[in-house]
Amino acid sequence: MEPLIAPSILSADFARLGEDVTNVLEAGADIVHFDVMDNHFVPNLTIGPMICDALRSYGIDAPIDVHLMVEPVDRIIPDFAKAGASIITFHPEASPHVHRTIGLIREQGCEAGLVFNPATPLAWLDHVMDDLDMILLMSVNPGFGGQKFIESSLGKLAAARARIDSSGRDIRLEIDGGVKTDNIRQIAAAGADTFVAGSAIFGSEDYAATITTMKAEIAAAG
Ligand code: DX5
Ligand code: ZN
């Protein structure tokens with residue numbers, strides 16, 4: 001699967017968001033990672049469907065990858081589908097009916113993904129593999145940008161990659177948290193194909209140079 005760079009707009013300039021997202025896409029980013037936090041499931045508060053809709057109205061046409069860190073999840077899913085989300089991922093701990101929530105996302109015409117916190121076991125995949133388009137592994141505890149990559153995520157990536165390969169399905173394996181130009185090669189080698197990076201891209205002087213370096217490092221992983 002072609003690798004995708006997914007800048008997390010958590011680290012973008014919210015006062016001129018449309019322009020910043022346009023710039024990062026022109027610099028070579030593939031999809032927009034959209035972090036939704038509710039000050040309940042995670043200790044931070046960010047953005048909702050209105051902002052997703054505003055980005056679409058502004059003219060952003062790249063896929064929008066909505067990472068829901070909210071509880072409950074089901075009520076907000078149709079709102080994000082209407083607001084132009086392409087992929088919607090959620091944490092299994094935040095839904096009492098994980099299979100139903102995955103079905104709801106797909107019924108709304110979006111791709112569906114399950115997100116794993118660092119301590120959340122991959123066993124949640126056992127009975128839903130056939131219904132997933134994406135698996136997202138958190139390599140930090142969710143809530144904030146700019147945290148350090150948790151090294152044990154590499155082994156977990158390899159385990160998730162093995163599950164995907166043996167399923168025979170086209171499921172994306174996304175990694176989120178602490179991804180930088182100097183560790184992305186190792187992360188790609190462990191099996192990720194979709195790379196969220198917030199502070200590493202939006203905190204850099206030259207988005208295009210950073211994204212080009214990231215893509216070269218991924219290619220070097222083979
Ligand atoms: C954390 C978010 C991440 C975050 C990543 O809860 O899900 O998407 O923005 O930021 P960096 O790349 O700075 O670790
Ligand atoms: Zn995220």
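The values are calculated or read from the model by the stated rules, or taken from the named source; none is laboratory data. Since the model is a prediction, treat every value here as computed from it, not as a measurement. Cβ coordinates were reconstructed from backbone atoms using ideal geometry, including for glycine residues, and neighbour counts include every protein chain displayed. SASA here: full protein model, heavy atoms, side chains in, ligands and nucleic acids out. Shrake-Rupley method; radii C 1.70, N 1.55, O 1.52, S 1.80 Å.
Restricting attention to the range 164-175, does a residue exist that is within 28 Å of Leu17 (Cβ to Cβ) and polar (S, T, N, Q)? So that I can check it myself, show each step before the final result.
Step one: filter the range 164-175 for residues within 28 Å of Leu17 (Cβ to Cβ), giving 172-175.
Applying the additional criterion that residues be polar (S, T, N, Q) yields none.
So far as the range 164-175 goes, no, none of its residues is within 28 Å of Leu17 (Cβ to Cβ) and polar (S, T, N, Q).
Only one of these is in contact with a Gly (Cβ under 8 Å, 6 or more places away or on another chain) and not aliphatic (A, V, I, L, M): Arg100, Arg56. Name it. Checking each option against the conditions leaves just Arg56. Number of residues in the range 92-141 that are within 16 Å of ligand 1 (Cβ to nearest atom) and more than 17 Å from Asp176 (Cβ to Cβ) equals 0. The residues of the range 75-99 that are under 18 Å from Met134 (Cβ atoms) and away from ligand 2 (no atom under 16 Å from the Cβ), listed by number, are Ile77, Ala81, Gly84, Ser95, Val98, His99.
Kindly check whether there is at least one residue in the range 49-58 that is farther than 16 Å from Ile201 by Cβ, away from ligand 2 (no atom under 15 Å from the Cβ), among the aromatic types (Phe, Trp, Tyr) and open to solvent by 10 Å² or more (accessible area, probe 1.4 Å). Taking every residue of the range 49-58 in turn, at least one turns out to be farther than 16 Å from Ile201 by Cβ, away from ligand 2 (no atom under 15 Å from the Cβ), among the aromatic types (Phe, Trp, Tyr) and open to solvent by 10 Å² or more (accessible area, probe 1.4 Å). Pairing each residue of the range 137-152 that is touching a residue at least 12 places away in the same chain (Cβ under 8 Å) with any residue that is among the hydroxyl-bearing types (Ser, Thr, Tyr) and within 10 Å of ligand 2 (Cβ to nearest atom), provided the two are 6+ apart or on different chains, yields C-beta distances under 7 Å for Gly145/Ser8. When the range 176-209 is filtered for residues that are open to solvent by 10 Å² or more (accessible area, probe 1.4 Å), in contact (Cβ under 8 Å) with a residue 60 or more places away in the chain and within 12 Å of ligand 1 (Cβ to nearest atom), the ones remaining, listed by number, are Asp176, Gly198, Ser199, Phe202, Gly203.
Screening the range 1-16 for residues that are open to solvent by 20 Å² or more (accessible area, probe 1.4 Å) and away from ligand 2 (no atom under 11 Å from the Cβ) and picking the one that is nearest to Ser204 (Cα to Cα) gives Asp13. A count restricted to the range 129-150 and to residues that are more than 18 Å from Gly198 (Cβ to Cβ) and open to solvent by 10 Å² or more (accessible area, probe 1.4 Å) stands at 4. Among the candidates Val32, Val73, the residue that is surrounded by 15 or more Cβ atoms within 10 Å (Cβ to Cβ) and under 18 Å from Gly145 (Cα atoms) is uniquely Val32. Does Ser167 count as within 16 Å of ligand 2 (Cβ to nearest atom) and either of a type in the set (Lys, Arg) or surrounded by 13 or more Cβ atoms within 10 Å (Cβ to Cβ) (or both)? So Ser167 does not fit the description; no.
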